[in-house]
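Novice: One structure, pasted below without further comment.
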Amino acid sequence: MVGERPDGDAVHNRIALLRAEQGVTRRELAEALGVHYQTVGYLERGEYNPSLHLALRIAEFFGVPVEAVFSTRPFPRITDLHRPA
Amino acid sequence: MGAGRPDPVISVRDLRMTYGTQEVLAGIDLDVHPGEVVCLLGPNGAGKTTTIEILEGFRLPSAGQVQVLGEDPARAGDAWRARVGVVLQSWRDHARWTPRMLLTSLGGYFLPYSTPERPRPYGVDELLETVGLIEHADRKIGTLSGGQRRRLDVAVGIIGRPELLFLDEPTAGFDPQARRDFHDLVHRLSDLEGTSILLTTHDLAEAEKLADRILILTNGRIVADGSAEELTRQVAGTAEVRWALGRERFVHPTDDVVPFVRRLLEQHGDALTDLEVRKASLEDTYLAMVQRFEAGARTAPALQEVVP
């Protein structure tokens, strides 16, 4: 995974995961948000952060609260969640 | 656009073409003015090649008025044909000739139509140099690469120093350098020789670079006519603003770019290290227009069925 950046401002996201789960292509998401197709890739890889408004619209699109899509800390991996403590 | 403008080199009114029961051209109007480079865009099967073939005189329309260099292409004679250049989608013969032999031979047919203002044909060496084939002038045509062969097609099309040139997908199969060379050639023909050019392409970047005016043809109709800039403005759509604050990069889609950017500058001032506004490209515009008209054609009859 992407390492923590020295400035500590990294925003982690689960756009790719939600997109795969809901069977949405990058192009469909791009059209729904009014951004370029490549921009979805930039957002998923964390190369770009969305504006607050765009972040809210992404959460709205997937029908989940914004904190389910974006976090200041890395999201736990699903395999870790099911590992016995 | 003044009244004193010279006559168009191509003038078409209500052009229709039907193959059997299938209507391929459903009433086309178009003008091409002297020295203009006009690009015909459209999906496969939209009627681009049919339109060009009618203008070249290779195909008879079902109905409509067509004037090309002041004559009806279906009836025009050899003197008219000498003033028109044609580059078709592909032709593969003369494999054992060399480019020099072929161009010398074809050029001979244009000699009787030479005038002091427009000496015909081009000098063969000059032409081979222009299309970038001078090193291959004496090779067998059958041994040329696809891109070299296409350059020869273009040379064949312009050997007679045409006043009007038709190019049907001229750069299909070109590498980026060959494409750039070809674009330079088109600019030279239109800017220096005053040649009027009508071309078809699927390469939207090419249309944007070459054309003074773009016509979008879909379902046998011209649905848009304007410069790349004008067409893109018609489908204004959403722009994307990207900016950076040091290492952090951000993106925001908006319809009101200027107020958004102004707020961004007010808010961040000197912390703002990069700023970019990306508007819809000609490709976005083209796809939006074609989808709109194809959807219209599909849904219109369906709606009529449900209306009592």
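Novice: All but one of (1) on the phi > 0 side of the Ramachandran plot; (2) at pLDDT 90 or above hold for B:Asn219, so report the exception by its number.
Specialist: It is condition (2) that B:Asn219 fails.
Novice: Something else about it: If a residue must be touching a residue at least 12 places away in the same chain (Cβ under 8 Å) and either farther than 25 Å from B:Lys209 by Cβ or out of contact with any Asp or Glu (no Cβ under 6 Å at 6 or more places or on another chain) (or both), how many such residues does segment B:239-282 contain?
Specialist: 27
Novice: Being outside any loop (DSSP other than H, G, I, E, B), without any contact (Cβ under 8 Å) to a residue 40 or more places away in the chain and polar (S, T, N, Q) is the filter here, so list the residues in segment B:18-69 that pass it.
Specialist: Correct list: B:Gln22, B:Thr50.
Novice: Pairs under 7 Å by beta carbon, first residue at positive phi in segment B:87-103, partner hydrophobic (A, V, I, L, M, F, W, C) and modelled with pLDDT of 90 or more, six or more apart or different chains?
Specialist: B:His94/B:Leu102; B:His94/B:Ile141
Let's see how each residue does on (1) in a loop (DSSP other than H, G, I, E, B); (2) touching a residue at least 60 places away in the same chain (Cβ under 8 Å); (3) touching a strand residue (DSSP E or B) at 6+ places or on another chain (Cβ under 7 Å):
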| residue | (1), (2), (3) |
| --- | --- |
| B:Gly173 | yes, no, no |
| B:Arg180 | no, no, no |
| B:Asp184 | no, no, no |
| B:Gly194 | yes, yes, no |
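Novice: Related question: Can you confirm whether B:Thr171 is within 25 Å of B:Val68 (Cβ to Cβ), modelled with pLDDT under 85 and in the same structural domain as B:Leu55 (by TED's automatic domain parsing)?
Specialist: Yes; evaluated as a whole, the condition is true for this residue.
Novice: Could you list, in sequence order, all residues of segment A:25-51 that are crowded, with 16+ Cβ neighbours inside 10 Å and part of a helix (DSSP H, G or I)?
Specialist: A:Arg26, A:Leu29, A:Ala30, A:Leu33, A:Thr39, A:Val40, A:Tyr42, A:Leu43, A:Glu44
Novice: Is it fair to say A:Glu47 is touching a Lys or Arg at 6+ places or on another chain (Cβ under 8 Å) and charged (D, E, K, R)?
Specialist: yes
Novice: Now for a separate question. Quick check on segment B:266-291: of everything there that is in a helix (DSSP H, G or I) and surrounded by fewer than 13 Cβ atoms within 10 Å (Cβ to Cβ), which residue is modelled with the lowest pLDDT?
Specialist: B:Gln291
Novice: Would you confirm, using the coordinates I've provided, whether B:Asp274 is within 14 Å of chain A (Cβ to nearest Cβ) and out of contact with any Ser or Thr (no Cβ under 9 Å at 6 or more places or on another chain)?
Specialist: For B:Asp274, the condition - within 14 Å of chain A (Cβ to nearest Cβ) and out of contact with any Ser or Thr (no Cβ under 9 Å at 6 or more places or on another chain) - is met.
Novice: Restricting attention to segment B:124-142, which residues are surrounded by fewer than 19 Cβ atoms within 10 Å (Cβ to Cβ) and closer than 16 Å to B:Gly157 by Cβ?
Specialist: Scanning segment B:124-142 gives a single hit, B:Glu126.
Novice: Then there's this: When the residues of segment B:104-123 are filtered to those that are among the charged types (D, E, K, R) and touching a residue at least 12 places away in the same chain (Cβ under 8 Å), which remaining residue is surrounded by the fewest Cβ atoms within 10 Å (Cβ to Cβ)?
Specialist: Within segment B:104-123, the match that is surrounded by the fewest Cβ atoms within 10 Å (Cβ to Cβ) is B:Arg118.
Novice: For segment B:79-102, does any single residue satisfy the condition of being under 16 Å from B:Leu198 (Cα atoms), of a type in the set (Asp, Glu) and in the same structural domain as B:His202 (by TED's automatic domain parsing)?
Specialist: Checked against the condition, which is being under 16 Å from B:Leu198 (Cα atoms), of a type in the set (Asp, Glu) and in the same structural domain as B:His202 (by TED's automatic domain parsing), segment B:79-102 yields no hits at all.
Novice: Any chance segment A:3-24 includes a residue that's in a helix (DSSP H, G or I) and modelled with pLDDT under 90?
Specialist: No, segment A:3-24 contains no residue that is in a helix (DSSP H, G or I) and modelled with pLDDT under 90.
Novice: Tally time: how many residues in segment B:234-265 are more than 8 Å from every other protein chain (Cβ to nearest Cβ), out of contact with any Gly (no Cβ under 9 Å at 6 or more places or on another chain) and not in a strand (DSSP E or B)?
Specialist: 12
Novice: Condition test on B:Val87, is it surrounded by 15 or more Cβ atoms within 10 Å (Cβ to Cβ), aliphatic (A, V, I, L, M) and either more than 22 Å from the chain's Cα centre (by Cα) or over 18 Å from B:Asp225 (Cα atoms) (or both)?
Specialist: Spelling it out, B:Val87 is indeed surrounded by 15 or more Cβ atoms within 10 Å (Cβ to Cβ), aliphatic (A, V, I, L, M) and either more than 22 Å from the chain's Cα centre (by Cα) or over 18 Å from B:Asp225 (Cα atoms) (or both).
Novice: Still on this structure, please answer the following. Quick check on my filter: what residues within segment B:1-43 are within 26 Å of B:Leu185 (Cβ to Cβ) and either basic (Lys, Arg) or exposed (fewer than 14 other Cβ atoms within 10 Å of the Cβ) (or both)?
Specialist: B:Pro6
Novice: Which residue, of B:Leu198, B:Leu185, is closer than 25 Å to B:Pro121 by Cβ and surrounded by 22 or more Cβ atoms within 10 Å (Cβ to Cβ)?
Specialist: B:Leu198
Novice: Would you say A:Val35 is facing another protein chain (nearest Cβ under 10 Å), among the hydrophobic types (A, V, I, L, M, F, W, C) and touching a Leu at 6+ places or on another chain (Cβ under 8 Å)?
Specialist: yes
The values are calculated or read from the model by the stated rules, or taken from the named source; none is laboratory data. Just so we're clear, the structure is a prediction, and the values are computed from it rather than from any experiment. Virtual Cβ from ideal backbone geometry, glycine too; neighbours counted across all protein chains shown.
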